[in-house]
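Working notes, beginning with the structure itself.
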Amino acid sequence: MKTLIFRTLLAVAALGFVACAGESTHSVDEFTVEVYTPRHATGFDVRGAEGAASTIVTVRNPWQGAEGVEKRLFIAREGERAPEGFEGQVIEGVAERVICMSSTYVAMIDALDCTERVVGVSGIDFIYNTRVREAAEAGRVRDVGHDSDINFELLLTLRPDVVLIYGVAGENGVANAKLDELGVPYFYLGDYVEESPLAKAEWTIAVAEILGVRERGEELFAGIETRYVELREKVVESATERPTVMFNTPYRDTWYMPSSRSYAVQLVEDAGGRYIYDGNHGTASQPIDLEQAYVLTREADYWINVGQYASLDDLRRDNPHFADAKAVREGRVFSADRRVTAAGGSDFWESAVVNPDVVLADLVTVLQPELGLGADSLTYYRQIE
């Protein structure tokens, strides 16, 4: 019986796709009109054509290690259809029903005030957003499973206009093949590959274009950008000292240190801190020798992103070396886990990407408290005492 229902839904989806096809009045080569070109992000743009209501969102290299990869989404409007020879995904009009395979996409849609359009997520227990969690409790949002174990029958019943997906080291070939078979449009976003905090946040505009609210997205991002840049400039003008900052704790006896070009380090630098490690200028975190890491913790003025330790005593008990850390002795240890779900889902990894100005205010409060430029209270960070 379930198989029969599934096949029926598949047939209906296919009929709907055919019925939506209109006339193509433009060639692919005509979609060169600049609709939105990012100021910070390097991985996407939005183009249109003269006299066309439709647009093409192009995403480049949306996962780590990708080279020469390009994904395109044609957003068909006013009865237009994708040009002959177009290679990519196609959605008809505004995406009213969206499945988010990353919690970050939930945060982007929420920031655009379109939260009600989220009909499916991956791992509801790890979603911090209260409106989405309430909708899930009421049955309006469903958990479709994780990348390697997606419930495609459930996904199809949700009738998504698009599935927003991501790749870690490459495409999710299984998901791609099944979604293609079902006729469900999907699109890879690459916000996490960007290194600049403002570049990551700017991807909200790509999502806004898919939702049909690009102007709202541009206005939202303009405010974020202004607040971030103004605070960064105030720190540059006012800070007299730049305290050193250590990151992370060992994971399975391996201590990973972020690149000096990374999102996390850029935030610290913009907040008036100085990254204590100068040995990684690549594009990803790299392991360092544990003894070297212990030396760095003994010297660093601050230690952040240490994980979900309840207290400094817990930190010391976990590893006796940590008792020698300068930041531990002076009570300058912070973790980005102020807002977490019962299952451990962190709002830092969900909504901080959309709110780099808020994260920066947190870090200015932590690293330059005497300036009085940061937040009255921390939003994402928690001092471990």
So, first residue not in a helix (DSSP H, G or I) in segment 314-332, second residue not polar (S, T, N, Q), Cβ within less than 7 Å, six or more apart or across chains; the pairs are A325/R298; A325/W303; G331/E385; R332/D301; R332/Y302; R332/W303
Regarding segment 161-178, can at least one residue be identified that is in the same structural domain as N61 (by TED's automatic domain parsing), of a type in the set (F, W, Y) and either touching a Cys at 6+ places or on another chain (Cβ under 9 Å) or surrounded by 23 or more Cβ atoms within 10 Å (Cβ to Cβ) (or both)? no
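Here is a yes/no grid of residues against (1) touching a strand residue (DSSP E or B) at 6+ places or on another chain (Cβ under 9 Å); (2) assigned to a helix (DSSP H, G or I):
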| site | (1), (2) |
| --- | --- |
| E218 | yes, yes |
| I224 | no, yes |
| K234 | no, yes |
| T240 | no, no |
| A264 | yes, yes |
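I'd like to verify a number: residues in segment 34-49 that are hydroxyl-bearing (S, T, Y) and farther than 15 Å from L73 by Cα, how many? Show your work before the answer.
Taking segment 34-49 and keeping what is hydroxyl-bearing (S, T, Y), we get 36-37, 42.
Now drop any that are not farther than 15 Å from L73 by Cα, which leaves 37, 42.
The number of residues fulfilling the criteria is 2.
Please determine whether any residue of segment 18-39 is hydroxyl-bearing (S, T, Y), surrounded by fewer than 17 Cβ atoms within 10 Å (Cβ to Cβ) and modelled with pLDDT under 95.
Looking only at segment 18-39, we keep the residues that are hydroxyl-bearing (S, T, Y), and these are 24-25, 27, 32, 36-37.
Next, only the ones that are surrounded by fewer than 17 Cβ atoms within 10 Å (Cβ to Cβ) stay: 25, 27, 32, 37.
Restricting the remaining residues to those that are modelled with pLDDT under 95 gives 25, 27.
Yes, because at least one residue in segment 18-39 is hydroxyl-bearing (S, T, Y), surrounded by fewer than 17 Cβ atoms within 10 Å (Cβ to Cβ) and modelled with pLDDT under 95.
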Checked against (1) closer than 21 Å to H26 by Cβ; (2) of a type in the set (A, V, I, L, M); (3) crowded, with 17+ Cβ neighbours inside 10 Å, V98 satisfies every condition except (1)
Exactly one of V229, V213, V236 is free of Cβ contacts under 8 Å to residues at least 60 places away in the same chain, under 23 Å from A107 (Cβ atoms) and not charged (D, E, K, R), and that residue is V229
Restricted to segment 221-236 and to residues being surrounded by 20 or more Cβ atoms within 10 Å (Cβ to Cβ) and either among the acidic types (D, E) or under 20 Å from the mean Cα position of the chain (by Cα) (or both), the residue farthest from R274 (Cα to Cα) is F221
If we ask which residues in segment 133-176 are out of contact with any Lys or Arg (no Cβ under 9 Å at 6 or more places or on another chain) and among the β-branched types (V, I, T), their number turns out to be 5
Within segment 73-118, the count of residues that are free of Cβ contacts under 8 Å to residues at least 60 places away in the same chain and either within 19 Å of the chain's Cα centre (by Cα) or under 26 Å from D347 (Cα atoms) (or both) comes to 3
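Would a scan of segment 300-311 turn up a residue that is acidic (D, E), surrounded by 15 or more Cβ atoms within 10 Å (Cβ to Cβ) and either part of a loop (DSSP other than H, G, I, E, B) or in contact (Cβ under 8 Å) with a residue 60 or more places away in the chain (or both)? Explain how you work it out, then say what you get.
Looking only at segment 300-311, we keep the residues that are acidic (D, E), and these are 301.
The next check asks that each one be surrounded by 15 or more Cβ atoms within 10 Å (Cβ to Cβ); those that pass are 301.
Cutting the leftovers down to either part of a loop (DSSP other than H, G, I, E, B) or in contact (Cβ under 8 Å) with a residue 60 or more places away in the chain (or both) gives us 301.
Scanning segment 300-311 turns up at least one residue that is acidic (D, E), surrounded by 15 or more Cβ atoms within 10 Å (Cβ to Cβ) and either part of a loop (DSSP other than H, G, I, E, B) or in contact (Cβ under 8 Å) with a residue 60 or more places away in the chain (or both).
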Of the residues in segment 338-370 that are touching a strand residue (DSSP E or B) at 6+ places or on another chain (Cβ under 6 Å) and not polar (S, T, N, Q), the one that is farthest from R227 (Cα to Cα) is V340
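Restricting to segment 242-254, and then to whatever is part of a strand (DSSP E or B) and more than 23 Å from V366 (Cα to Cα), can you tell me which residue is farthest from the chain's Cα centre (by Cα)? Before the answer, list the steps.
Applying the first criterion (part of a strand (DSSP E or B)) to segment 242-254 yields 244-247, 251, 254.
Narrowing the set further to residues that are more than 23 Å from V366 (Cα to Cα) leaves 251, 254.
On the way: Y251: 23, T254: 25 Å.
Looking at the filtered set, the residue picked out is T254.
For every residue, the table says whether it meets (1) more than 20 Å from the chain's Cα centre (by Cα); (2) modelled with pLDDT of 95 or more.
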| position | (1), (2) |
| --- | --- |
| L155 | yes, yes |
| V162 | no, yes |
| V168 | no, no |
| V184 | yes, yes |
| F187 | no, yes |
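Considering every residue within segment 171-194, establish whether at least one is closer than 25 Å to P62 by Cα, among the polar types (S, T, N, Q) and free of Cβ contacts under 8 Å to residues at least 12 places away in the same chain. Steps first, please.
Step one: list which residues in segment 171-194 are closer than 25 Å to P62 by Cα, which gives 171-194.
Remaining after also requiring among the polar types (S, T, N, Q): 172, 176.
After this cut, where a residue has to be free of Cβ contacts under 8 Å to residues at least 12 places away in the same chain as well, the list is 176.
Yes: segment 171-194 contains one or more residues that are closer than 25 Å to P62 by Cα, among the polar types (S, T, N, Q) and free of Cβ contacts under 8 Å to residues at least 12 places away in the same chain.
The values are calculated or read from the model by the stated rules, or taken from the named source; none is laboratory data. As the structure is a prediction and not an experimental result, all values here were calculated from the model. Every residue, glycine among them, receives a Cβ derived from its backbone with ideal geometry; neighbour counts consider all protein chains shown.
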